[in-house]
Each structure stands twice: as structure tokens, then as C-alpha cells.
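For reference, the structure is listed below as C-alpha cells.
The values are calculated or read from the model by the stated rules, or taken from the named source; none is laboratory data. On a predicted model such as this, the values are computed, not experimentally measured, just so you know. A quick note on method: Cβ atoms are made from the backbone with ideal geometry, for glycine too, and the neighbour counts reach across all protein chains shown.
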Amino acid sequence: MIGIIGAMDEEVAQIVEVMQVERKENKACMTFMAGKLNGKDVVVVRSGIGKVNAAICTQILVDDFNADYVINTGIAGSLKAEIDIADIVISSDVLHHDMD
């Protein structure tokens, strides 16, 4: 199963529009929408903004929905001029700048 997380409604709305939602479950003030997308089992959820919300959401996807993969989709900024709006960006490295 594939879990798809977006922080805001705008980040998951188009996915939900094209998937076949089979059931909805509310957990931790989040609505998990399970169904099919292009023949694949998926659960789509709006986590809310922030790393803590994303972490809670990811753990629920793993524990309660048996997610094999988790995709975090959404909006981000770029400092590179060659990256345009609607481009897909996949990171090879990450840096956490706001950890204690």
C-alpha cells in the first residue's frame, strides 16, 4: 500500500478527485482516505503543517494501514532558476536546519 501525505488541502485535493475512495477513517484529527489510484492501493491524507504532524501521520500510515511506501507531496520553494512551477523534485540529500 502507498501512503500519500500532503500538509494542506490544496496539496491532496487533486489526488482525491482522481482516486476511487473506498473508505474514510478519522484518526488523530486527520481523515485518511483509502482506495485505488491507477490500480494501486493508496491512502491519501492531509496531515497539517509541520514535521510533528507529518511524523504522526506517517506512523499511523505504517501502523494502521500497513504502508509499504510513503510519499510526501506538496508545495516548496526553490533557489534554482531552472526549477519551474509544477516541476517534480526528488531529493538525494536532506538537511534538517531547525533541530535542537
Residues of segment 4-32 classified as touching a Ser or Thr at 6+ places or on another chain (Cβ under 7 Å), of a type outside the set (A, V, I, L, M) and either assigned to a helix (DSSP H, G or I) or touching a residue at least 40 places away in the same chain (Cβ under 8 Å) (or both), total: 2
Per-region count, segment 2-40, residues on the phi < 0 side of the Ramachandran plot and surrounded by fewer than 16 Cβ atoms within 10 Å (Cβ to Cβ): 18
Pairs, first without any contact (Cβ under 8 Å) to a residue 60 or more places away in the chain in segment 56-70, second hydroxyl-bearing (Ser, Thr, Tyr) and outside any helix (DSSP H, G or I), C-beta under 8 Å, six or more apart: ILE56/SER47; CYS57/SER47
Test: SER47 is at pLDDT below 95 and among the small types (Gly, Ala, Ser): no
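I need the full set of residues from segment 41-54 which are surrounded by 11 or more Cβ atoms within 10 Å (Cβ to Cβ) and without any contact (Cβ under 8 Å) to a residue 24 or more places away in the chain, in order please. Walk me through how you get there before you give the answer.
Just the residues of segment 41-54 that are surrounded by 11 or more Cβ atoms within 10 Å (Cβ to Cβ), to begin with: 41-49, 51, 53-54.
Passing the criteria: only LYS51.
VAL18 - would you say it is touching a helix residue (DSSP H, G or I) at 6+ places or on another chain (Cβ under 7 Å) and under 17 Å from THR73 (Cβ atoms)?
Working: touching a helix residue (DSSP H, G or I) at 6+ places or on another chain (Cβ under 7 Å): no; under 17 Å from THR73 (Cβ atoms): yes.
So VAL18 does not fit the description; no.
Would you confirm whether or not segment 49-59 contains a residue that is on the phi > 0 side of the Ramachandran plot, of a type outside the set (A, V, I, L, M, F, W, C) and touching a strand residue (DSSP E or B) at 6+ places or on another chain (Cβ under 9 Å)? Lay out the reasoning, then the answer.
Initial filter on segment 49-59 (on the phi > 0 side of the Ramachandran plot): 50.
If we keep only those that are of a type outside the set (A, V, I, L, M, F, W, C) too, we end up with 50.
Within this subset, residues satisfying the condition of being touching a strand residue (DSSP E or B) at 6+ places or on another chain (Cβ under 9 Å) are none.
For segment 49-59, residues on the phi > 0 side of the Ramachandran plot, of a type outside the set (A, V, I, L, M, F, W, C) and touching a strand residue (DSSP E or B) at 6+ places or on another chain (Cβ under 9 Å): absent.
Residue under question is THR31, and the condition is that it be within 27 Å of VAL94 (Cβ to Cβ) and of a type in the set (Ser, Thr, Tyr); does it hold? Working first, answer last.
On the way: within 27 Å of VAL94 (Cβ to Cβ): no; of a type in the set (Ser, Thr, Tyr): yes.
Spelling it out, it is not the case that THR31 is within 27 Å of VAL94 (Cβ to Cβ) and of a type in the set (Ser, Thr, Tyr).
Across segment 33-76, what is the total count of residues that are part of a strand (DSSP E or B) and of a type in the set (A, V, I, L, M, F, W, C)? Give the derivation first.
If we filter segment 33-76 for residues that are part of a strand (DSSP E or B), which is where we start, we get 33-37, 40-46, 69-73.
Applying the additional criterion that residues be of a type in the set (A, V, I, L, M, F, W, C) yields 33-34, 37, 42-45, 70-71.
Matching residues across segment 33-76 total 9.
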Single residue of segment 69-98 satisfying the filter (at negative phi and surrounded by 10 or more Cβ atoms within 10 Å (Cβ to Cβ)) that is farthest from the chain's Cα centre (by Cα): ILE83
